[in-house]
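Here is the structure we will look at, set down as structure tokens.
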Ligand code: FEO
């Protein structure tokens, strides 16, 4: 159902309560998501973004209840990824000549996805589209998070349509940030940043500084997923600046996989050693074969240091740890300390391999790691506690 934001702007998106995975299965969405599309009615009428393809017919049919499609003068495609452009083919079957405003990269991406000779109008930062009483100003935001991404700012209403930036995979019927559970919203916004935007943090800082220089008044930030930032919208901008600056809390996370619980017992003893030495540090343990991978990545994002544990199996480490390391490599975390540990029976290469992988993933490696032969006995557990204390000491250097 359409929802009016102001006299001129109406939300016409889709809330997807059922979505449990996004980007294939690369991102878990336990709280669902939404695909936000916005209709602007001034002297000219504009549609900003659409919805994911499975909802294309529903989207167009609901849009028709709101407006005669022929009244739409312009479409803005802030980003070509199919969760926002997926309903364009269905829509443009009805209004094929409507100009689509996007970046030059956006036009290439939309053509690459849909292979249609649509009426693209390419724009650059600072270009304006007059609507009558208000105007739209375009701000390119390359790599936030695709090369084509852009923001659209609406004068008069002082709204920044930021597309993926400032979004969350968070289904809600409440629409605004001050109308939802704050801790849920914070968790989903953080998870979104940690899992999607981390590699682009330096660009996030630069783009925000660039937008702030324009001194644009901002009454609302309308992203393409999740809630609209209406109550104190600048707070999410300030939060992004903190997250983008090699964010960390006083937290050490221990991630492990285990076959017969020897490596788990090592993990718990290492955690106990850290806590014995410093009660102020938050220590969290996750079994990577049982815990949601994106939640673990969010915890890594919050950590100053991460310990990785795996037994040696078939001359290597367990696949759940390997999968996480592959994700971590691409996310390019900054200023994190790491080390490895694990039990072994004979060849015992996993700790050395993990240590090398951590260096390749950009971690500052604390040491050569810690191994225990077979199952740790009382002395083995005491050694692990001691190792935890030594690792903690390294994080303080
Ligand atoms: Fe980059 Fe929400 O798509």
* Structure fact -> From the option list 198, 152, single residue qualifying as touching a residue at least 40 places away in the same chain (Cβ under 8 Å), away from the ligand (no atom under 14 Å from the Cβ) and either in a helix (DSSP H, G or I) or farther than 17 Å from residue 78 by Cβ (or both) is 198
* Residue list for segment 347-392, restricted to those being more than 18 Å from residue 271 (Cβ to Cβ) and touching a residue at least 60 places away in the same chain (Cβ under 8 Å) -> 374
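Yes/no per residue for (1) within 23 Å of residue 10 (Cα to Cα); (2) in contact with a helix residue (DSSP H, G or I) (Cβ under 7 Å, 6 or more places away or on another chain):
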position: 208; (1), (2): no, yes
position: 211; (1), (2): no, no
position: 218; (1), (2): yes, yes
position: 221; (1), (2): yes, yes
position: 225; (1), (2): yes, no
position: 231; (1), (2): yes, yes
* **Residue within segment 156-167 that is away from the ligand (no atom under 16 Å from the Cβ), under 18 Å from residue 237 (Cβ atoms) and within 12 Å of the chain's Cα centre (by Cα) present** => no
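If you go through segment 337-353 one residue at a time, do you hit one that is within 23 Å of the chain's Cα centre (by Cα) and at pLDDT 95 or above?
Yes: one or more hits.
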* Only one of 298, 282, 253 is over 23 Å from residue 34 (Cβ atoms) and crowded, with 16+ Cβ neighbours inside 10 Å; which? -> 253
* Structure fact -> Reported set for segment 73-101 where residues are away from the ligand (no atom under 11 Å from the Cβ), farther than 12 Å from residue 63 by Cβ and in contact with a strand residue (DSSP E or B) (Cβ under 6 Å, 6 or more places away or on another chain) is 73, 74, 76, 77, 98, 99, 100, 101
* Structure fact -> Those residues of segment 224-258 which are within 16 Å of residue 194 (Cβ to Cβ) and in contact with a strand residue (DSSP E or B) (Cβ under 8 Å, 6 or more places away or on another chain) amount to 225, 226, 236, 249, 251, 253, 255
* Tally of residues being assigned to a helix (DSSP H, G or I) and within 16 Å of the ligand (Cβ to nearest atom) across segment 102-149 -> 8
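The values are calculated or read from the model by the stated rules, or taken from the named source; none is laboratory data. Predicted, not measured: the structure shown is a model, and the values here were computed from it. With ideal geometry, Cβ positions are generated from the backbone for all residues, glycine too; neighbour counts draw on all protein chains shown.
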